[in-house]
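Below is one structure, written out as structure tokens; comments come after it.
The values are calculated or read from the model by the stated rules, or taken from the named source; none is laboratory data. In this text the structure is predicted, and so the values were computed from the model without any measurement. FYI the Cβ positions are ideal-geometry reconstructions off the backbone, even for glycines, and counts take in every protein chain you see.
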Amino acid sequence: MAVFQKGSGTSAGSKALGGALNLSFGSLLAGGGNLTLLGGAGVLSGNFASITAAGAYTGAFALQGGFYELVSGGQTLTFNHTTGILTIQAIPEPSVVTLLAVGMGIVLLRRRVRR
């Protein structure tokens, strides 16, 4: 559940962001999804002073490259303050990356042997 603590404006017009955004997660969310936290807010401007998560994901979001990011629960959560959308992406396990690299190596080796 997202709690919008501070702001000004109307839902049809513009919304000036400020203050703190506190998110509480009851469970981990499926990777690759988007959550619209500030839907119908019109045009968003400004930044939150801070964004924090509690529950299944914990920690403070860091403002990086114009987006707020948090790595927690084996996933990366990215909040875009200009659209009000929270994106959840799974972080691949190191063993999956290794398996993909080995598989690609075998494919390339077989191609080379055929020539």
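Note on the stretch 7-42: among residues that are modelled with pLDDT under 70 and surrounded by 13 or more Cβ atoms within 10 Å (Cβ to Cβ), the one that is nearest to Ala90 (Cα to Cα) is Gly31. Pairing each residue of the stretch 62-77 that is touching a residue at least 24 places away in the same chain (Cβ under 8 Å) and surrounded by 15 or more Cβ atoms within 10 Å (Cβ to Cβ) with any residue that is in a strand (DSSP E or B) and among the β-branched types (Val, Ile, Thr), provided the two are 6+ apart or on different chains, yields C-beta distances under 6 Å for Gln75/Ile88; Leu77/Ile88. Scanning the stretch 33-81 for residues that are outside any strand (DSSP E or B) and within 18 Å of Ala20 (Cβ to Cβ) returns Leu37, Leu38, Ala41, Asn47, Phe48, Ala49, Tyr57, Thr58, Phe61, His81.
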